[in-house]
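Read the figures in this text as sums done on the coordinates, not as results from a lab. As the structure is a prediction and not an experimental result, all values here were calculated from the model. Please note: Cβ atoms are built from the backbone with ideal geometry, for glycine as well, and neighbour counts cover all protein chains shown.
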Amino acid sequence: MIGRVSGTITPVFMGMMVIGMSVSGYLKEMFSLGAVYAASGGFIFVGAALLLPLVVEKKRRGENRTT
């Protein structure tokens with residue numbers, strides 16, 4: 001299972017990296033570099049906030065084990 005997921009997700013990451021670098025050039029021309037960095041930080045914060053429930057649930061499951 002891990003090999004299949006990695007084999008699928010690696011090309012997606014590489015493709016999105018190329019697309020992201022292309023879009024960042026256009027964004028830098030339209031906005032200031034500080035605004036682009038602020039938007040990027042905002043996206044990272046939103047992504048972390050969306051993943052937080054998964055981390056809390058995993059931690060709660062680990063505390064309930066009695067091994």
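Which ordering of Ser24, Ser6 is given by a fewest-first count of other beta-carbon atoms within 10 Å?
Ordered from fewest to most neighbouring Cβ atoms within 10 Å, Ser24, Ser6 come out as Ser6, Ser24.
Once Rh for the chain is found with the Kirkwood sum over Cα pairs, what is the Stokes-Einstein diffusion coefficient at 25 °C and 0.890 mPa s, in µm²/s?
162 µm²/s
I'd like the orientation of helix 2-30 relative to the chain: the angle between its Cα long axis and the longest Cα principal axis, in ° from 0 to 90, rounded to 10.
Taking the Cα atoms of the chain, the angle to 2-30 is about 30 degrees.
With point charges of +1 on the Cβ of Lys and Arg and -1 on the Cβ of Asp and Glu, referenced to the Cα centre of the chain, which listed residue (Thr10, Ala39, Gly25) lies farthest in the positive direction of the dipole?
Working it through, the farthest residue towards the positive pole turns out to be Thr10.
Calculated from DSSP H runs of 4 or more alone, at -39500 (n - 2.57) each and per residue, what is the 222 nm mean residue ellipticity of the chain, nearest 500?
Dividing the helical sum by the residues of the chain leaves -33000 deg cm²/dmol.
As I understand it, the value is the acute angle between the Cα axis of helix 33-64 and the longest principal axis of the Cα atoms of the chain; what does it come to in degrees, rounded to 10?
That works out to roughly 10 degrees.
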